[in-house]
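Presented below is the structure to which this report refers.
The values are calculated or read from the model by the stated rules, or taken from the named source; none is laboratory data. Owing to the predicted nature of the structure, the values given are computational and were not obtained by experimental measurement. A quick note on method: Cβ atoms are made from the backbone with ideal geometry, for glycine too, and the neighbour counts reach across all protein chains shown. Heavy atoms of the whole protein, side chains included, go into the accessibility calculation; ligands, DNA and RNA do not. Shrake-Rupley method; radii C 1.70, N 1.55, O 1.52, S 1.80 Å.
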Amino acid sequence: MNKGGQSNVRFVAGSRDAAVIEKLALECVDHFAHETKAAYCYAYGTQADYEVKTPDWTPAFDETIYGGSRPCWIVQAGQSLNDADRGDDPSIVAGPIESAYTSGPCPGGVRFPK
């Protein structure tokens with residue numbers, strides 16, 4: 001199979017447990033890396049978190065690898081084109097970061113490990 005391109009995925013984990021959300025984000029990357037050469041997944045704990053958008057949000061934003069316009073994501077996981085070429089496994093790119101989540105307008109009540 002001659003895979004190309006990159007998947008950029010946002011999903012609602014349906015969980016308030018940051019460790020569960022992190023695991024699901026890695027599974028997301030693993031799943032989409034079978035379809036495209038590279039993949040990035042932003043995981044949101046709840047639908048309420050996913051619905052929070054900044055004024056600069058547009059539908060096209062959801063197709064990018066950037067997370068700022070939907071700020072209540074918990075974890076970003078990914079496998080870049082370079083990582084895929086080297087055969088590296090997906091990894092956590094950012095998160096879970098409690099201070100970023102709790103200091104913002106995030107309503108979902110995600111619990112972070114102590």
I need a count of the residues in the stretch 20-38 that are at pLDDT 90 or above and open to solvent by less than 10 Å² (accessible area, probe 1.4 Å). 3
Top-ranked residue in the stretch 1-14 [being modelled with pLDDT of 95 or more and among the aliphatic types (A, V, I, L, M); ranked as surrounded by the fewest Cβ atoms within 10 Å (Cβ to Cβ)]: Val12
Just for the stretch 1-12: of the residues that are of a type in the set (A, V, I, L, M) and not in a loop (DSSP other than H, G, I, E, B), which one is nearest to Ile65 (Cα to Cα)? Val9
Regarding Val93, is this residue outside any loop (DSSP other than H, G, I, E, B), under 25 Å from Phe112 (Cα atoms) and in contact with a strand residue (DSSP E or B) (Cβ under 8 Å, 6 or more places away or on another chain)? yes
Which of the residues spanning the stretch 52-85 are crowded, with 20+ Cβ neighbours inside 10 Å and among the hydrophobic types (A, V, I, L, M, F, W, C)? Cys72, Trp73, Ile74, Val75, Ala77
Asp56 fails exactly one of (1) over 16 Å from Ala25 (Cβ atoms); (2) out of contact with any Cys (no Cβ under 9 Å at 6 or more places or on another chain); (3) outside any loop (DSSP other than H, G, I, E, B), namely (3)
Identify the residue in the stretch 86-99 that is at pLDDT 75 or above and open to solvent by 60 Å² or more (accessible area, probe 1.4 Å) and, among all such residues, is nearest to Ala39 (Cα to Cα). Val93
Boolean, Leu81 is modelled with pLDDT under 85 and in contact with a strand residue (DSSP E or B) (Cβ under 8 Å, 6 or more places away or on another chain): yes
Within the stretch 13-48, track down each residue that is outside any loop (DSSP other than H, G, I, E, B), within 10 Å of Gly78 (Cα to Cα) and touching a helix residue (DSSP H, G or I) at 6+ places or on another chain (Cβ under 9 Å). Ala38, Ala39, Tyr40, Cys41, Tyr42
Have a look at Asp49, Asp17 and point out the one that is among the acidic types (Asp, Glu), at pLDDT 90 or above, open to solvent by 10 Å² or more (accessible area, probe 1.4 Å) and more than 12 Å from the chain's Cα centre (by Cα). Asp17
Taking only pairs six or more apart or across chains, which ones have beta-carbon atoms under 7 Å, a first residue in the stretch 27-55 that is free of Cβ contacts under 8 Å to residues at least 24 places away in the same chain, and a second residue that is small (Gly, Ala, Ser)? Lys53/Ser69; Thr54/Gly68; Thr54/Ser69
